[in-house]
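Student: The structure under discussion is supplied below as structure tokens; questions concerning it will follow.
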Amino acid sequence: MHIFFTGFMGVGKTTIGKEVADLLQIPFIDLDNEIEQYEDSSISEIFSTKGEDYFREIESNLLHQVVKKQSATSLIALGGGTMCHLNNHSFILKQGVTVYLKKTWEDWLTSYQTIEDRPKLADKSLESIFKLYQQREPIYALAQLETLVNTSF
């Protein structure tokens, strides 16, 4: 069984995930870091050079590989869009407990300027980011658990 942290970009999935994994004394895996190591490139570079479709395919494949190779319970921080593409949510929900780390739009707005290197934020208006937030929220809400995060990272 695994614990998955999901939620919008910049809510603290990695920061909180590391702390919780340490408390539980279980391995912590950041899926975005796994992708960057596999591709030997940053997420932003992958998006700009190979496109989002390529990125989502690699993300889904590595998600399955990471889950398969972890025999013990681990905490896996997902990317902001992982649950929203290629039917990943169905796979994730069957593999353990999924926790939706939720920030209200207002709380997210107060901290988004400190978020760096997010390809889905590059050159986007707040209106288009809000639409993405609204589109993803119902998929995140499929998680078995939900907690409100109201701190800045």
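Student: Only one of VAL67, VAL11 is assigned to a loop (DSSP other than H, G, I, E, B) and under 20 Å from ASN88 (Cβ atoms); which?
Tutor: Details: VAL67 fails: assigned to a loop (DSSP other than H, G, I, E, B).
Sole residue among the options that is assigned to a loop (DSSP other than H, G, I, E, B) and under 20 Å from ASN88 (Cβ atoms): VAL11.
Student: Residue under question is ILE3, and the condition is that it be touching a helix residue (DSSP H, G or I) at 6+ places or on another chain (Cβ under 9 Å) and closer than 18 Å to THR98 by Cβ; does it hold?
Tutor: Values: touching a helix residue (DSSP H, G or I) at 6+ places or on another chain (Cβ under 9 Å): yes; closer than 18 Å to THR98 by Cβ: yes.
Yes, satisfied.
Student: Among the residues of segment 59-114, write down those that are aromatic (Phe, Trp, Tyr) and open to solvent by less than 10 Å² (accessible area, probe 1.4 Å). First the steps, then the outcome.
Tutor: Step one: of segment 59-114, the residues aromatic (Phe, Trp, Tyr) are 91, 100, 105, 108, 112.
Residues satisfying the conditions are TYR100, TRP108.
Student: Taking the condition in a loop (DSSP other than H, G, I, E, B), over 19 Å from ILE139 (Cβ atoms) and in contact with a strand residue (DSSP E or B) (Cβ under 7 Å, 6 or more places away or on another chain), does THR73 pass? Walk me through it before giving the result.
Tutor: Working: in a loop (DSSP other than H, G, I, E, B): yes; over 19 Å from ILE139 (Cβ atoms): yes; in contact with a strand residue (DSSP E or B) (Cβ under 7 Å, 6 or more places away or on another chain): yes.
Yes, satisfied.
Student: Something else: Condition check: within 21 Å of ILE3 (Cα to Cα) and under 16 Å from the mean Cα position of the chain (by Cα). Does SER44 satisfy that? Spell out how you get there, then give the answer.
Tutor: Details: within 21 Å of ILE3 (Cα to Cα): no; under 16 Å from the mean Cα position of the chain (by Cα): yes.
Against the criterion (within 21 Å of ILE3 (Cα to Cα) and under 16 Å from the mean Cα position of the chain (by Cα)), SER44 does not qualify.
Student: Pairs only if they're at least six apart or on different chains, beta carbon under 6 angstrom, first in segment 83-99 and assigned to a helix (DSSP H, G or I), second aromatic (Phe, Trp, Tyr); list them, first residue then second.
Tutor: As it stands, the answer is ILE92/PHE4, since those pairs meet every condition given.
Student: Could you check, for segment 33-55, whether at least one of its residues is under 17 Å from GLN144 (Cα atoms), without any contact (Cβ under 8 Å) to a residue 60 or more places away in the chain and either aromatic (Phe, Trp, Tyr) or part of a helix (DSSP H, G or I) (or both)?
Tutor: Let us first name the residues in segment 33-55 that are under 17 Å from GLN144 (Cα atoms), namely none.
Scanning segment 33-55 turns up no residue that is under 17 Å from GLN144 (Cα atoms), without any contact (Cβ under 8 Å) to a residue 60 or more places away in the chain and either aromatic (Phe, Trp, Tyr) or part of a helix (DSSP H, G or I) (or both).
Student: Looking at LYS68, LYS50, LYS102, LYS94, can you tell me which residue is basic (Lys, Arg) and within 18 Å of GLY10 (Cβ to Cβ)? Break it down stepwise before answering.
Tutor: Working: LYS68 fails: within 18 Å of GLY10 (Cβ to Cβ); LYS50 fails: within 18 Å of GLY10 (Cβ to Cβ); LYS94 fails: within 18 Å of GLY10 (Cβ to Cβ).
Residue meeting the stated conditions: LYS102.
The values are calculated or read from the model by the stated rules, or taken from the named source; none is laboratory data. Only a predicted model underlies this, so the values are computations on that prediction, with no experimental measurement involved. Cβ: placed from backbone, ideal geometry, glycine included. Neighbour counts: every protein chain shown. Accessible surface areas use protein heavy atoms only, side chains included; no ligands, DNA or RNA. Shrake-Rupley method; radii C 1.70, N 1.55, O 1.52, S 1.80 Å.
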